[in-house]
Structure formats: C-alpha cells, structure tokens
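Notes follow the structure.
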Amino acid sequence: MIDALRADESNLYALVEEFFRSSFTTDNAIITEAVKRMLAAGGKRLRPRITLLASAACGGAPEQHLHLAAYMELIHVATLIHDDVVDNAATRRGVNATAVDFGNRVSVLAGDYLFAWIFKNVTANYPHPVPNILSATLADICDGEVLQLRALGDVDLPVDGYTEIARKKTASLFAASASCGAIMGGGSAAQIEALRKYGDNYGVAFQMNDDLLDMTADERSIGKPVGNDLTERKMTIPLVLALRAGNGAFRKRIERFYGEVDTEQIPAIVAEIAEQGGLEATQHAISGYVDRAKAALKPLPAGAAKEELIRLADALRAG
C-alpha cells in the first residue's frame, strides 16, 4: 500500500514539477527567469510533498491541490532568494545564487514579487483560513530572520532562543503546508491541528538536521560550502549545545573566532564542537522532535499517507 502511494506521489510531484516548468510565469520576464533558474537547481520539494500527503491523510484527493502544493515551494524559493542576499551567499543548491547572476536589487524585487504573486493567487482561489495561515506564516518567517540576524555571534543565546528562531523561520512553513493540505483535504479540526503540530515539530527537526549537516556533510551533498553557518556567525544548535556543555576555554575560543572569522579555522572549530558533545546532543534533540512529530499524527486514521509522513520524519533522524 505504501509503495503504491509512493508511485502515485511520484506522479503527483511530476505534475508539480511540470507546473513549475510550463505553467509558472509572471508579467516580468527577468523575474520569471530568476525564479525558474532557482527551481531548476532542484530541491527535495518537502513542503509540497507534505501538503499533498496531509490532504491524502484526511481523505482528500491530492491531485486536486497541486497548485497549492506548488505555492508552498514557491514561498520557500522566495525566502531562499532573500536569504542569499542577506547572507551574501555565492551558491545555492550547487549553482550560483540568484544575486550572483541578477544582482541584489533584482533578487530582492524577484522575491518580493513572488510573494505578491503567490498571495494574489491564493486569496483569489482558496477559502478562509488558508490565506490567513499563509500571511501569518510569512510574518513569522520574516520575524525569524530578524531574530536570527540579532543573534549572530551571540554566544549567550539559549536553546529556547534558538528554537524560537527555528520555529519561525523554518517550521512555520512546514506547519502551514501540513495544515493547509489538511484543510483542503476536508480534515476535521482535530486532524488539521494534528497535522499542524506534525509540521511544526518536523520543521524544528529539519532545521536542526540542516545545522548538523552544515558541519558534517560535504559541499556537493548540501549545495553550499561546508561550515557556511560558522562563516556567517550563526548560532546553530550544535554550537549552542556545545557552549552549554563546554568549559570557559571553549567559550572564549568561539568568541575570538566570531570576533574575527577565519575560515581556515572551521575544521578545528567543528572538531571542538564535537569534542564538547554538540553533534551528539544535536542528534538526540532531532530524535526528540521526530518523536513528537510522529506522536502528533495519532488522531489520523491508519493509511499509506500517514505512514509516508512517519517515514519522512524518521528520515531526519538518519541525517
């Protein structure tokens, strides 16, 4: 049954990709090209997948909600375009960041236009509360980005402060994807809330896993330079947990590094984070949020869509 659903999903996601290739367009050719190039660079399309699975888990027909699923991915793409400008990033998903090829001004306008284009379509075609959920999500994403900027290099950032940032800038869109899919799938209030909680916990685990991969994966697999978060002075969860467990000498080492970032020191910094238990503690934290995401699905009836949501969550535990 699950294998059959995965085969069906492959067809659904192929239709989403076809929407991006053939149906997505705007009135501005430059903006359309910038967005399509970002889409062509790939991605796991997790947000549209969760939208479609949430619809199916509530008894809906996911093929009827392909555009909504695509909009979730496009919101994500718009945030990535803005992120790369804010972070002065050179690459994204292994290709040039949009700002490299089009410049910062076009990139900012492309992201802004894409947000507006999405909401024009959502408000015209989807009932309450879907537009409200997405507008609140966009506010959360922007708030999370500002909180992250304010926390740059802040070695006193507590775990709760990190989690608030992760919930707003990352988990909020996963929660919106799940809850909007459930709404359009005809889910009950309990099912919609269950899927919202799933998306929220999944999103925090996803962000923590992303932080972990930044220190442990290779550039080809993550599509950006390894240790990029340290270069940008971000307070990621492995570092936050290592600082909480570490001694004063380690803390001073991080303070000196963030005072004057030297990229040649990154391998040594990652090794020290591992020595202080930051990587292992992060894996434990990810497992906790994965367990909470799976537990949130209890109100949903057994079925292939529910099992696939569980599988997606468990995949984060594996790294």
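Here, each number is a calculation from the coordinates, and none is a lab measurement. This one's a predicted model, so the numbers in the text were calculated from it and none came from an experiment. Every residue, glycine among them, receives a Cβ derived from its backbone with ideal geometry; neighbour counts consider all protein chains shown.
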Mean-square fluctuation check for the chain, GNM, Cα pairs under 10 Å: which of 160, 210, 83 is largest?
160
Tell me which residues come under 5 Å, amide H to amide H, from residue 26 once H is placed; ignore anything under 5 positions away on its chain.
32
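Can you figure out the FRET efficiency of residue 216 with residue 189, using R₀ = 51 Å and their beta-carbon distance, to the nearest 0.05?
On the way: r = 40 Å, r/R0 = 0.79.
The formula returns an efficiency of 0.80 here.
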Any chance you could run the full-extension gain for residue 274 through residue 247? It's 0.36 nm times the residue separation minus the Cα-Cα distance, nm to one decimal.
8.4 nm
Mind giving me the nanometre distance, one decimal, between the label points for residue 143 and residue 11, set 7 Å out from Cα along Cα→Cβ?
4.2 nm
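Subtract the Cα-Cα distance of residue 27 and residue 116 from 0.36 nm times their separation in residues, and report this length gain in nm to one decimal. Numbers along the way, then the final one.
Numbers: separation 89, 0.36 × 89 = 32.04 nm, distance 1.23 nm.
Gain on extension, residue 27 to residue 116, equals 30.8 nm.
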For the chain, what relative contact order do you get, as a whole percent, if you take Cα pairs closer than 8 Å and at least 6 residues apart?
21 percent
Relative contact order for the stretch 44-173: what percent, with Cα pairs under 8 Å and sequence separation of 6 or more?
19 percent
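Summing +1 for each Lys or Arg and -1 for each Asp or Glu, what net charge is found among the other residues whose Cβ lies under 14 Å from the Cβ of residue 134?
With Lys, Arg at +1 and Asp, Glu at -1, the neighbours total +1.
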Under 23 Å from residue 298, Cα to Cα: lysines that are on another chain or at least 8 residues apart:
197, 306
Give me 204, 106 ranked fewest to most by other Cβ atoms within 10 Å of their Cβ, as a rough exposure proxy.
106, 204
Compute the signed sum of charges (Lys and Arg +1, Asp and Glu -1) over the other residues within less than 15 Å, Cβ to Cβ, of residue 105.
-3
Just to be sure I understand the curve: with the Debye formula and one point per C-alpha of the chain, what is log10 I(q)/I(0) at q = 0.06, 0.13, 0.16 Å⁻¹?
-0.20, -0.97, -1.39
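Can you figure out the FRET efficiency of residue 255 with residue 101, using R₀ = 35 Å and their beta-carbon distance, to the nearest 0.05? Could you put the intermediate results ahead of the total?
Details: r = 36 Å, r/R0 = 1.04.
After rounding, the FRET efficiency stands at 0.45.
What is the local net charge at residue 297, summed over the other residues whose Cβ is closer than 9 Å to its Cβ (Lys, Arg +1; Asp, Glu -1)?
Details: positive: 197, 294, 298, 306; negative: none.
Around residue 297, the surrounding residues sum to +4.
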